[in-house]
1. State all residues of segment 104-119 that are open to solvent by less than 40 Å² (accessible area, probe 1.4 Å), more than 14 Å from Val83 (Cα to Cα) and aliphatic (A, V, I, L, M); if no residue qualifies, say none.
2. Under 7 Å between Cβ atoms, at least 6 apart or on separate chains: pull out the pairs that start in segment 35-64 with a residue that is within 20 Å of Leu99 (Cβ to Cβ) and in contact (Cβ under 8 Å) with a residue 40 or more places away in the chain and end on any residue that is open to solvent by less than 80 Å² (accessible area, probe 1.4 Å) and among the basic types (Lys, Arg).
3. Determine if segment 3-22 includes at least one residue that is open to solvent by less than 90 Å² (accessible area, probe 1.4 Å) and at pLDDT 90 or above.
4. Could you say which residue among Leu106, Leu67, Leu84 is under 17 Å from Val166 (Cβ atoms), out of contact with any helix residue (DSSP H, G or I) (no Cβ under 7 Å at 6 or more places or on another chain) and modelled with pLDDT of 95 or more?
5. Consider segment 140-167. How many of its residues are over 18 Å from the mean Cα position of the chain (by Cα), in a strand (DSSP E or B) and touching a residue at least 40 places away in the same chain (Cβ under 8 Å)?
6. Mind checking which residues of segment 121-154 are open to solvent by 40 Å² or more (accessible area, probe 1.4 Å) and aliphatic (A, V, I, L, M)?
7. Which residue pairs have Cβ atoms closer than 6 Å, lie 6 or more positions apart in sequence or on different chains, and pair a first residue in segment 103-123 that is under 13 Å from Ala153 (Cα atoms) and in contact (Cβ under 8 Å) with a residue 12 or more places away in the chain with a second residue that is open to solvent by less than 100 Å² (accessible area, probe 1.4 Å) and outside any strand (DSSP E or B)?
8. Residue check: is Ser31 free of Cβ contacts under 8 Å to residues at least 12 places away in the same chain, among the polar types (S, T, N, Q) and part of a loop (DSSP other than H, G, I, E, B)?
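The values are calculated or read from the model by the stated rules, or taken from the named source; none is laboratory data. All values reported here derive from a predicted model rather than from experimental measurement. Don't worry about glycine lacking a Cβ; one is built from the backbone with ideal geometry, like all the others, and counts go over all protein chains shown. Ligands, DNA and RNA are excluded from the accessible area calculation, which covers all protein heavy atoms including side chains. Shrake-Rupley method; radii C 1.70, N 1.55, O 1.52, S 1.80 Å.
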Amino acid sequence: MPTAYEPAIHATTVSLALTAEGDYRLEARLSLAGEEIDRSELTFTVTSSTAPPRLRPELPHYLAERLADMQSLRGEKDGMSLVLENRTRPAVLTALTGLRLDGRTLARQDIQVEGHAGRAPLPRRLDLPLGRRTRVFVVTGEELGPGLHSLEADISVAGVGSGRLVIEGTVPTG
C-alpha cells in the first residue's frame, strides 16, 4: 500500500459490456490481509439519448436589467438584434455565447455590434461604457417571424457578473 504521500497504484482495470439501458452501481472494496480497509461506490445511468445541456443560471433580474434593455429584441431582415445598456459601472463584455431563440439552440449565427461606421464583428472584449446603448445583431440569415420571441444568451461581463440573460420582444405581423 502506498502512503498518503506516494502516488496511487493502478492495480487493475475492469471493462464491462453494458447492453441494457438503466441505472447501475459499481462497488469497489479494498482489502488488506483479508480485512476490508476501504469501500467506494459509483452510481451511473446508461442511456441511448444524450442529456440536455445544462443551462447557466439566469442572471438576477436586478443585474440583468442594469446590463440590457430586457424588451429590446427586434427582428432584422437577416436575423435579430438586442440592446445592451450598462447601468452598473464601466465594464467589459467578455462572452456572449449559448444563444437560444424560443428555447431552441441557434446552431449557426454571427454576432455583430453597431458602430459609427455600421456593423462590425463582436470583438473578444467589448467596452460597455456607463449609460451607452449598444445594439448587438444576431445574424442567422433568416428573418425573425412575427409574434412574441425570447432570446437567451450566456453572457460574462468582467467585474459585474455572468449568467443567462433573457431578452424578449414582439415582431409585428405583415
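1. Of everything in segment 104-119, just one residue is open to solvent by less than 40 Å² (accessible area, probe 1.4 Å), more than 14 Å from Val83 (Cα to Cα) and aliphatic (A, V, I, L, M), namely Leu106.
2. Close Cβ pairs satisfying both conditions: Leu55/Arg164; Arg56/Arg164; Pro57/Arg164; Glu58/Arg164; Leu59/Arg164.
3. Looking through segment 3-22, none of the residues is open to solvent by less than 90 Å² (accessible area, probe 1.4 Å) and at pLDDT 90 or above.
4. Just a single option satisfies the conditions, and that option is Leu67.
5. Qualifying residue count, segment 140-167: 1.
6. Applying the first criterion (open to solvent by 40 Å² or more (accessible area, probe 1.4 Å)) to segment 121-154 yields 121-125, 127, 129-133, 141-143, 146, 148.
Residues satisfying the conditions are Leu122, Leu130, Leu148.
7. Gln109/Thr140; Ile111/Leu122
8. Values: free of Cβ contacts under 8 Å to residues at least 12 places away in the same chain: yes; among the polar types (S, T, N, Q): yes; part of a loop (DSSP other than H, G, I, E, B): no.
Spelling it out, it is not the case that Ser31 is free of Cβ contacts under 8 Å to residues at least 12 places away in the same chain, among the polar types (S, T, N, Q) and part of a loop (DSSP other than H, G, I, E, B).
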